[in-house]
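Shown next, in structure tokens, is the structure this report addresses.
The values are calculated or read from the model by the stated rules, or taken from the named source; none is laboratory data. Owing to the predicted nature of the structure, the values given are computational and were not obtained by experimental measurement. FYI the Cβ positions are ideal-geometry reconstructions off the backbone, even for glycines, and counts take in every protein chain you see.
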């Protein structure tokens, strides 16, 4: 197969995935607005979207389900893109955003906010969680930097694992002796997009939007980084600065999402794997398509959680674990040794 034919085939796959991804996001968003304790037909959803007269459908769609749907889309996009960045940064296909200590830092900050400052609602400890995620990521990077001020990705991973274990132990100690902190924390730590108002969505939107813009601009540099540090430097890529920028972007994306919805696993791990099987290893295509596949996965998980246990529901973090674990096992079994 010639290079030109190969490029056309790759472009065709990317375009097909883009069209299918857009259609799937729209369909799942409509289902997210339609399904709940009171199911609506698609016609009623459309009527509620267009109505501004305070009708029953309008209240259900705009006030109860729209913030949840938008947050699921934002969280899915942010987690998927941050997973792509993490795997590119560490050159480890099994890496995921929590590896940098983001989830552990956010969880520890939430527990401190609840136990020390009496935070009781998600909006109350949103900024504490975001600050904890950011500080954890910065700390991990600082302790992984060599004397030459260049970061080694292996040391970065080890530093993240060590900090995650330490903060996890501290979090468990606090919740063990503080029943109030434990009661509030145990609902947040499952991972959920339910009962989050539009104020929570608007609080994290600027951070996620900024992170997504930077991430998409990093695609060409990540392709160079995949060739190795020496090759990347030869191509004019400032490797040390690129790593700092990638870590900052991961913190923006995953930190904001974790603060708003709690730690949600497997989205940042599975989505890049699936996309690499379809479109190859071009980071530009993977980053762009992950912004569609991520929200599709999280919307689907949220809808499934509402359907399988009506009239109650399963949190989205539980459903993604049930979906993600078998998919990951299948992907690992499918891989062939080099």
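Within segment 219-251, can you find the residues that are touching a residue at least 24 places away in the same chain (Cβ under 8 Å), within 17 Å of residue 285 (Cβ to Cβ) and surrounded by fewer than 21 Cβ atoms within 10 Å (Cβ to Cβ)?
Passing the criteria: 219, 220, 223, 226.
Please give the number of the condition residue 176 fails out of (1) at pLDDT 85 or above; (2) loosely packed, with under 14 Cβ neighbours inside 10 Å; (3) not in a helix (DSSP H, G or I).
(3)
If the requirement is being at pLDDT below 90 and within 19 Å of residue 84 (Cβ to Cβ), which of these qualifies: 276, 334?
Working: 334 fails: within 19 Å of residue 84 (Cβ to Cβ).
Unique residue meeting the criteria: 276.
Being part of a helix (DSSP H, G or I), in contact (Cβ under 8 Å) with a residue 24 or more places away in the chain and either over 20 Å from the mean Cα position of the chain (by Cα) or crowded, with 23+ Cβ neighbours inside 10 Å (or both) is the requirement here; does residue 20 meet it?
no
For the subset of segment 184-202 comprising residues that are in contact with a helix residue (DSSP H, G or I) (Cβ under 9 Å, 6 or more places away or on another chain) and part of a helix (DSSP H, G or I), which member is farthest from residue 80 (Cα to Cα)?
Step one: filter segment 184-202 for residues in contact with a helix residue (DSSP H, G or I) (Cβ under 9 Å, 6 or more places away or on another chain), giving 184-186, 188-201.
Add one more test, that the residue is part of a helix (DSSP H, G or I), and what stays is 184-186, 188, 198-201.
Numbers: 184: 27, 185: 24, 186: 24, 188: 20, 198: 22, 199: 23, 200: 20, 201: 18 Å.
Restricting to residues being in contact with a helix residue (DSSP H, G or I) (Cβ under 9 Å, 6 or more places away or on another chain) and part of a helix (DSSP H, G or I), the top hit is 184.
Which condition does residue 99 not pass, out of (1) surrounded by fewer than 24 Cβ atoms within 10 Å (Cβ to Cβ); (2) touching a residue at least 24 places away in the same chain (Cβ under 8 Å); (3) assigned to a helix (DSSP H, G or I), if it passes all the others?
(1)
Just to be sure, is residue 293 modelled with pLDDT of 90 or more, closer than 30 Å to residue 128 by Cα and in contact with a helix residue (DSSP H, G or I) (Cβ under 9 Å, 6 or more places away or on another chain)? Outline the logic, then answer.
Numbers: modelled with pLDDT of 90 or more: yes; closer than 30 Å to residue 128 by Cα: yes; in contact with a helix residue (DSSP H, G or I) (Cβ under 9 Å, 6 or more places away or on another chain): yes.
When the stated conditions are applied, residue 293 passes them.
Could you say whether any residue in segment 304-314 is free of Cβ contacts under 8 Å to residues at least 12 places away in the same chain, surrounded by 18 or more Cβ atoms within 10 Å (Cβ to Cβ), closer than 30 Å to residue 39 by Cβ and in contact with a helix residue (DSSP H, G or I) (Cβ under 8 Å, 6 or more places away or on another chain)?
Residues of segment 304-314 that are free of Cβ contacts under 8 Å to residues at least 12 places away in the same chain, as a first pass: 308-309, 312, 314.
Narrowing further to those that are surrounded by 18 or more Cβ atoms within 10 Å (Cβ to Cβ): 314.
Filter once more, keeping what is closer than 30 Å to residue 39 by Cβ: 314.
Next cut, in contact with a helix residue (DSSP H, G or I) (Cβ under 8 Å, 6 or more places away or on another chain) only: 314.
The answer is yes; a qualifying residue exists.
Does residue 116 fit the bill of being closer than 30 Å to residue 162 by Cβ and either out of contact with any helix residue (DSSP H, G or I) (no Cβ under 9 Å at 6 or more places or on another chain) or assigned to a helix (DSSP H, G or I) (or both)? Steps first, answer last, please.
On the way: closer than 30 Å to residue 162 by Cβ: yes; either out of contact with any helix residue (DSSP H, G or I) (no Cβ under 9 Å at 6 or more places or on another chain) or assigned to a helix (DSSP H, G or I) (or both): yes.
Considered against the rule, which asks whether it is closer than 30 Å to residue 162 by Cβ and either out of contact with any helix residue (DSSP H, G or I) (no Cβ under 9 Å at 6 or more places or on another chain) or assigned to a helix (DSSP H, G or I) (or both), residue 116 comes out as yes.
State the number of residues belonging to segment 46-64 that are within 23 Å of residue 200 (Cα to Cα), free of Cβ contacts under 8 Å to residues at least 24 places away in the same chain and assigned to a helix (DSSP H, G or I). It would help to see each step written out before you state the result.
Let us first name the residues in segment 46-64 that are within 23 Å of residue 200 (Cα to Cα), namely 48-49, 52, 54, 57-64.
The next check asks that each one be free of Cβ contacts under 8 Å to residues at least 24 places away in the same chain; those that pass are 48-49, 52, 54, 57-59, 62-63.
Next, only the ones that are assigned to a helix (DSSP H, G or I) stay: 48-49, 57-59, 62-63.
Result for segment 46-64: 7.
Only one of (1) assigned to a loop (DSSP other than H, G, I, E, B); (2) surrounded by 15 or more Cβ atoms within 10 Å (Cβ to Cβ) is not met by residue 67, so which one is it?
If we test residue 67 against (1) assigned to a loop (DSSP other than H, G, I, E, B); (2) surrounded by 15 or more Cβ atoms within 10 Å (Cβ to Cβ), just (1) comes out false.
Let's see how each residue does on (1) more than 10 Å from the chain's Cα centre (by Cα); (2) under 22 Å from residue 19 (Cβ atoms):
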position	(1), (2)
251	yes, no
255	no, no
260	yes, no
269	no, no
278	yes, yes
285	yes, yes
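Quick one: what pairs do we get from segment 182-209, first residue on the phi > 0 side of the Ramachandran plot and at pLDDT 90 or above, second loosely packed, with under 15 Cβ neighbours inside 10 Å and assigned to a helix (DSSP H, G or I), C-beta under 9 Å, 6+ apart or different chains?
Once the first residue is on the phi > 0 side of the Ramachandran plot and at pLDDT 90 or above and sits in segment 182-209, no partner that is loosely packed, with under 15 Cβ neighbours inside 10 Å and assigned to a helix (DSSP H, G or I) comes close enough.
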